[in-house]
Structures are given as C-alpha cells and as structure tokens.
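The values are calculated or read from the model by the stated rules, or taken from the named source; none is laboratory data. Here the structure is a predicted model, which is why all the values come from computation and not from measurement. Using ideal geometry, Cβ is built from the backbone for each residue, glycine included, and neighbour counts are taken over all protein chains shown. Quick note on the areas: whole protein, heavy atoms, side chains included, nothing else; ligands and nucleic acids left out. Shrake-Rupley method; radii C 1.70, N 1.55, O 1.52, S 1.80 Å.
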Amino acid sequence: MKIIFIDPPFKRFTGLVNPYYPIGLTYLSAICKKNGHDAVVYEVDAVEKRKTMDMDFAHEHQKLELYKKAVNEKNNPIWGEIIATVNSQNPDAIGITSMTTKIASCLKTIEILKEQFPDIPLIIGGPHATFLPDQFFKADFIDYVMRGESERTILQFLSFIKGDLKINKVNNLTYRDKSGKIIHNKTEKLIENLDEIPFPDRDSLLYRENYSSEDFGIIMATRGCPFNCTYCAHMFGRRVRKRSVENVVEEIQLIRRKYGSMQFSFKDDTFTVDKKWVNQLCEKLIDVNLDINWDCTTRVDTIDEKLIKMMKKAGCNDVRIGVETGCQKILDETKKGITFEQIRNTTKMLNKNQMMWTGYFMYGLPTETIEDIRSTYRFMDELNPNYAGLGLYNPFPKTELFDRGVELGLLEDDVDLDYFFKTNPKDYYFKDPNKRVLDIEPEQFQEIEGEIQDAFSNHNTKFSNLARRAIGRKSNYIKHPEILVRDVVKGLKMVVASE
C-alpha cells in the first residue's frame, strides 16, 4: 500500500523560515517502507526555497496575521497545489500531522482533500491529535485520529484499511462508529528500544532539492522529558528513553556520507539530562573523527563545565537553553526548577569556554506586569547570549499553566473549530485576544510588546553578535559556501527588519 504523509502549510504563509524537516513523518515513512509499503512525505512549506525566508521571530505575532488571512482564502493557490500533489502520488491512504499552532491549516487541508478524494482513508496524528482527539470530530469530514507514538500503530492502521485487521485492533486509534459515538481504542505501549526504529527516511521527502545539507542534520536521540514546566506538554511522556550511542553515531555517519551534512542539530527536549550518556556520545564522535559540528537544546541545571569542554571537543558549536524570564515570580510560576544563579553560572561557563549559546525567553504569561516583562529584557541584556530567541506565550491545552489561565478567566477550555480560522495562532484559546494578562491593559500590552520585540531584534542584529554566530559556524562555511550565502541573506533580512 502507498501512503502520503503531509505536513500542512504554515510558515510559508508568513515568510518566516522553517529550519526543520518533518522528522516525525520521516520516521513513519521509514517504518512503512521497512514493512513493505510505499511512502512519501510532503512538507508543503518546503515547496518554496527556504533561503528566501527570514528569521525575525521576535515579530512572529504580527507576521501570523498573514497566515490567518491566507488560511481563509478559498482560492489560495497552495490548496490547489496540495490537491495536485496528492493526485500525482495516487496514494491508498493519507496521513496528516497536527500542531496546535497550525490547526486551521491542518483542518483546511483535510477538508479540501476529503472533497477531492472522498474514498481515500485519511488519518490525523501529531501533538494536537494526541492531546485533543475528540475535538477533530466536531467536523463531519474527519475519518480517523491517531494518538501518541505511531511507528507501530501506523502499520496496524494500514493493515486495517487493507482488510487484514479489525478496526478495534488498531491501537491508539480514535474514530466515530456507525452510531456516531466516538471510540478510543486501546493505548499502545511506548517503544522501549528506540534502536529498533529505522532512521528517518529523508529520501521520502518531496522537493528534496529545497532542503540544505544542514536541514538534513536534524536528529532525535531521546524521547520524553522528566521535568514539570507548567507551560509544556509532552507527547512522549515524562520518562526519558534513549537510543544507544552507537545507533546515533551510525545515523550521523550515514547522513554525513549521503548528504554531506556538516552541521547537526539534536532536537531532544533536554539533551544533557543524562550526562554519562552525553559524555559517551562525545567520546565516540571524537573517536570516529567525522569533523562535524552540532548543536543541542538543554537546561542550565543539567550541564557543567567538564561536560561543556567535552562537548566542544566533540564538535558542539551551539548550546540552546531556556531562560524564559528575568522575573523570579514568573520563574516560580513556570515550575522550571532552576534559579537565576544557575543561569548566570552556566552562561558564564559557556562564555568562558567560548561556546556559542542561544537563550530562549518568553513574555505575556498570565500574571506578568510591565515591570516583569522589562526585567526579562534586562536579564537578557546582562547575560548577552549570541542569539536571544523571544516568544509570546502560547497557552497549550493539557498543561498546568493553561488550566491556570482558565481559572483566572483569561482562557476558554473548549472552542469551536471555526474559532481557529478567525484567530491569530498566538491568540488561541484566549477569551479576548487583546487581554492576555491580568494586570496589563491591552494598549499597554501592545506598547510593551513592541518595546521588547524591538529590543531583542536589535540585540540579535548587532554586528558583534552576528560576528560571534558566524565564527561559531566558520567550519561549515568553508566546506559548504551555500550555507554561508543563506546565512548572510537571513542576517541581512534581520538587520533590515530591525530598522
């Protein structure tokens, strides 16, 4: 059987860069092919050259208004493009991933596909489907929803549509029976040995020519996160499962050889949660001498100077950490479990060892004040990261902070599907998008939002910070001049946007 997995359009509507390939869908493609099926992955955002897009995420809230407009345009050419692409692939089944922030695009994609291909079974997976499967069935054009980890259950689903398995034997499946009742099948056990999953099938991506060697360097070495941040939901649960060091290095060697990738990026929730495992990985990378660079995302309380030195020796050239806020009250409310002293000490260690690092920050949390938001900028300025990422708080269902927002009267815990088409994704679930926080009036919030966005943009476009980031990637530029060109274009666009 043949299945096409689709990642619906999103960043393409806004002009913002999408620096990742849909790794989850390529895992599913790989497992399908391993078991005798045919599969392709269609990331709609990848149709346009990524180098034409910008990285001004500090102003993402405003840019997403373009997305809201486009997703409501019935004659937008992208919808016709999706239909033509699916028709050319002639699949037996369609799979679509669902992220909360682009749920409107997901629903629109499903609707147009069911209109054009009513007899092709269509299944929805991903984070939103996992946490809110029932919500999709408010629409009458939904066939099936797949919850959670799907490498095993997608094979069960294909067996079902082929006629070899009864529907009630497809684990993780949610569907509507003939009486209209929503049925949730048994939950599949998590895969304990991640080494048994084949490597993501990057060759199954359509428009491969629009991906760079660096895009193909995205890797996930673990699944799960043990921490209790109130703003975060975990599709893979709290228990961390790790691939073996040998398995991870084997994938890196394959991608290095096949695509010429020199820059790799570990997208694990907390890469250094197991320092012993990371140390073993670094030793192995040094031993095989691949001459690569890599970055990772982690926490300030799971890394120390000894590990920083080892990671740098093994090729790490960017450590990305969540700082979140400069206000103690807000830090406590996130239950991140870190202190400002830990943040300062870790960032000093990174600077001391000349390790490039990125700091991620948020604003717009329910109980923030204007002074709290300004303290976040001041703290960022004190820490002086090579790059400072800024995001407007997004409330996600099934998180503690979301429930707190409902209690405070700021959020709706249930909305109609039409709501997603009328609302900026950054404003999802707010009763009044203009009232995001308790103690700041809408006009004041708009003013402080512009102030902090401009401050972060100015920080990131300082010549000194652009130079620091370039130095950290110099070996990639030497071996892949096209990456230098792409980064220069992005840097120039950031500078222009900040003026």
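For the residue pairs K267/K426; K267/K309; K68/K178; K63/K348, the C-alpha atoms sit more than 26 angstrom apart in K68/K178; K63/K348. Straight-line cross-link reach from K169 at under 17 Å between alpha-carbon atoms covers these aspartates and glutamates, not counting any fewer than eight positions away in the same chain: D143, E149, E151, D177, E188.
Expressed as a whole percentage, what fraction of the accessible surface of the range 315-397 belongs to carbon and sulfur atoms when a 1.4 Å probe is rolled over the protein heavy atoms? Exposed carbon and sulfur together represent 50 percent of the surface.
Length gained on full extension, K162 to L417: 88.7 nm, using 0.36 nm per residue less the C-alpha separation. Distance from the C-alpha centroid of the range 357-397 to that of the range 73-128: 35 Å, rounded to the whole angstrom.
To the nearest 0.05, what FRET efficiency results for N458 and K178 with a Förster distance of 56 Å applied to their C-beta separation? According to the calculation, E is roughly 0.40. The stretch between D119 and D304 holds 61.0 nm of extra length on full extension. This uses 0.36 nm per residue minus the Cα-Cα distance. Taking a threshold of 23 Å on the Cα-Cα distance, which of the pairs K312/K352; K336/K398; K186/K431; K11/K33; K275/K329; K2/K74 fall above it? Checking Cα-Cα distances, K186/K431; K11/K33; K275/K329; K2/K74 exceed 23 Å. Only protein heavy atoms count here; on that basis, with a 1.4 Å probe, T97 has an accessible area of about 30 Å².
State in Å² the accessible area per residue of the chain; use a 1.4 Å probe, count heavy atoms of protein chains only, and round to the nearest integer. Here the per-residue accessible area is 42 Å². Once the C-beta distance of N351 and N434 is scaled by a Förster radius of 51 Å, the resulting FRET efficiency is 0.80 to the nearest 0.05.
With each run of n ≥ 4 DSSP H residues scored as -39500 (n - 2.57), what mean residue ellipticity at 222 nm is computed for the chain after dividing by its residue count and rounding to the nearest 500 deg cm²/dmol?
Per the formula, -12500 deg cm²/dmol.
Seen from every direction in turn and averaged, the convex hull around the alpha carbons of the range 54-107 projects onto 4.9 nm². Taking each residue as 0.36 nm, the span from R208 to I370 lengthens on full extension beyond its C-alpha to C-alpha distance by 53.8 nm. DSSP beta bridges confined to the chain are antiparallel in about 20 percent of cases.
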